[in-house]
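Accompanying notes for the structure given below.
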Amino acid sequence: MRKYLVVILGLVVGCVTTPETGRRAFIITSESEEASMGASAYQQILSKEKPSSNVAWNSIVQRLGKRIALAANRPDFQWEFRLIDSHQANAFCLPGGKVAVYTGILKIAQNEAALAAVIGHEVAHATARHGGQRMTIALGTQLGLIAASQIMGGEDSTQKRLLMAALGVGANVGAVLPFSRANESEADEIGLIYMARAGYDPREAPKFWDRFSKTGGANPPEFLSTHPASESRKQALEAQLTKALQIYQSSPKWGLGDKF
């Protein structure tokens with residue numbers, strides 16, 4: 001067991017502070033490594049997707065992306081914003097500032113400000129280095145299970161396999177999923193700040209999640225999901241509006257922006 005703890009501690013290369021929230025987290029990867037992996041994954045994804053030819057929508061995504069990038073204050077990122085023609089209601093930002101928006105989410109967004117909440121959230125994942133944090137927790141979980149297997153000895157018994165399966169479920173529900181939900185909640189909070197700083201009305205963020213919650217099918221229980229329930233997100237964002245509105249008041253005003 002001791003040698004696995006040494007491995008884990010030896011891999012931790014530093015403690016990072018999350019922008020805006022000030023939360024501290026250990027991480028095993030460097031930011032340059034994360035950006036390199038992000039750029040590679042971005043090209044692979046784009047090679048398999050169809051870019052949107054809608055000129056008006058592309059224009060909105062580009063100007064909105066630049067405003068959010070400026071609000072995020074990471075000029076060292078190699079920012080890219082692409083609009084993908086797809087029915088998926090989705091968006092992502094990979095480490096290093098590689099952003100993609102799927103046209104399926106525009107119908108739910110309805111306006112530019114709501115899309116600012118979405119892009120702000122995704123950009124927050126990159127600036128907060130959530131990808132690196134998740135790699136850290138995933139490696140720790142994997143090494144912990146290996147250590148547990150060693151403690152129980154090398155015999156490949158049915159009892160051992162069942163216990164390992166139980167440990168896997170326990171680790172997933174008890175550590176990995178809550179960790180992911182914490183990342184999502186933090187990205188919501190930071191994204192709200194980014195959209196307000198970029199000049200978009202932050203009151204549109206909880207409204208977006210209200211609309212989003214009514215579009216999908218049945219969701220798994222929140223404790224078995226990597227994302228907080230839409231209603232939980234809406235309530236948390238509403239509680240954070242006072243701070244966001246103060247930032248919005250001192251920012252350039254785009255309000256709700258254009259409609260989709």
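The values are calculated or read from the model by the stated rules, or taken from the named source; none is laboratory data. Since this is a predicted model, take the numbers as computed values, not measurements. Side chains are part of the model used for accessible areas, which takes the heavy atoms of the whole protein and leaves out ligands, DNA and RNA. Shrake-Rupley method; radii C 1.70, N 1.55, O 1.52, S 1.80 Å.
A compact table of results
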item	result
Phi to ³J(HN,Hα) by Karplus 6.51 cos²θ - 1.76 cosθ + 1.60 over region 62-73, Hz, x for Gly, Pro	5, 5, 5, x, 5, 5, 5, 4, 5, 5, 6, 6
Probe 1.4 Å - accessible area at residue 203, Å² to nearest ten	110
Accessible-area order (highest first, 1.4 angstrom probe) of the listed residues 186, 80	80, 186
Solvent-accessible surface (1.4 angstrom probe) belonging to residue 37, in square angstrom, nearest 10	90
Sequence-distant aspartates and glutamates (8 or more away, or on other chains) whose Cα lies within less than 18 Å of residue 48	80, 85
